[in-house]
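Written out below as structure tokens is the structure these notes cover.
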Amino acid sequence: MVKVIASSVRKGNVIDVDGKLYVVLTAENFHPGKGTPVTQVNMRRIVDGVKVAERWRTTEQVERAFVEDVNHQFLYEDGEGFHFMNPETYDQVVVDVDTMGDQKAYLQEGMTCILSMHEGIALALQLPRHVTLEIVETEPVTKGQTASSSYKPAMLSNGIRTNVPPHIDAGTRVVIATEDNSYVERAKN
């Protein structure tokens, strides 16, 4: 374990509070006009998934757990969870639904993701920044719409809604940013 100041804690970090490991969901630093600056952290306890909010002075020491980020390839999903394989050692890891969160919609067979591992347990998952998906449903083009400023709603093949430019029709493959479900560009292939 490494001690760090509270203001350096970021989303995805794993910290040790009273002997229990937590993964950080959000971390914000507040600097009020009067008083002491504080860091507000929302986190999830790894063993049972309970969400906890903590507030520390920004200069307080927090124990950060050693976490190794390892590339893994997504294999499949079943009742046990989401199965990933380390392409170097061929070891398989099962990630539960709570750890996956809403990122599961973007998983595609064979996709390479980064798993944050601590003592053989997957704590967090990082998806690729962009994925290619197909538009399954969208509104027809309205004549006179300018392509530069207006977007229309569309449904992606993974069930997520996004906004796309007017020239994109159903059946078109597009690149989507996994962080905020936003349209990036039309797929090249």
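Things to note:
- Charge tally in the Cβ shell below 14 Å around Thr36, where Lys, Arg are +1 and Asp, Glu are -1, Thr36 excluded: +2
- In this view, the solvent-accessible surface of Ile160, computed with a 1.4 Å probe and all protein chains in place, comes to about 30 Å².
- Normalising the average separation of contacting C-alpha pairs (under 8 angstrom, six or more residues apart) by the number of residues puts the relative contact order of the range 68-126 at 37 percent.
- Amide H contacts of Tyr151 (H built 1.01 Å from N, in plane; Pro and chain starts excluded): no residue 5 or more places away or on another chain comes under 5 Å.
- Nonlocal amide H pairs with Val136, under 5 Å, H built at 1.01 Å: Met155, Leu156, Ser157, Gly171
- Placing Thr132, Thr39 in order of accessible area, with the largest value first and a 1.4 Å probe, yields Thr132, Thr39.
- In terms of its C-alpha gyration tensor, the range 98-189 has a prolate overall shape, because the principal axis ratio a/c (a ≥ b ≥ c, square roots of the eigenvalues) is not below 1.5 and a/b outweighs b/c.
- Using a Förster distance of 41 Å, the FRET efficiency for His167-Ile114 (Cβ separation, nearest 0.05): 0.75
- Ile5 sits with roughly 80 Å² accessible to a 1.4 Å probe, with DNA, RNA and ligands left out of the calculation.
- Per the Debye formula on identical point scatterers at the alpha carbon atoms of the range 68-126, with no solvent, log10 I(q)/I(0) at q = 0.26 Å⁻¹ is -1.17.
- In the chain, Cα pairs under 8 Å separated by at least six residues give a relative contact order of 14 percent.
- Think of it as helices only: each DSSP H run of n ≥ 4 in the chain is worth -39500 (n - 2.57), and spread over all residues that comes to -500 deg cm²/dmol at 222 nm.
The values are calculated or read from the model by the stated rules, or taken from the named source; none is laboratory data. The model shown is predicted, which means the values in this text are computed figures rather than measured ones. Note: ideal-geometry Cβ built from the backbone for every residue, glycine included; neighbour counts use all protein chains shown. Please note that ligands, DNA and RNA were not included when accessible areas were found on the heavy atoms of the full protein model with its side chains. Shrake-Rupley method; radii C 1.70, N 1.55, O 1.52, S 1.80 Å.
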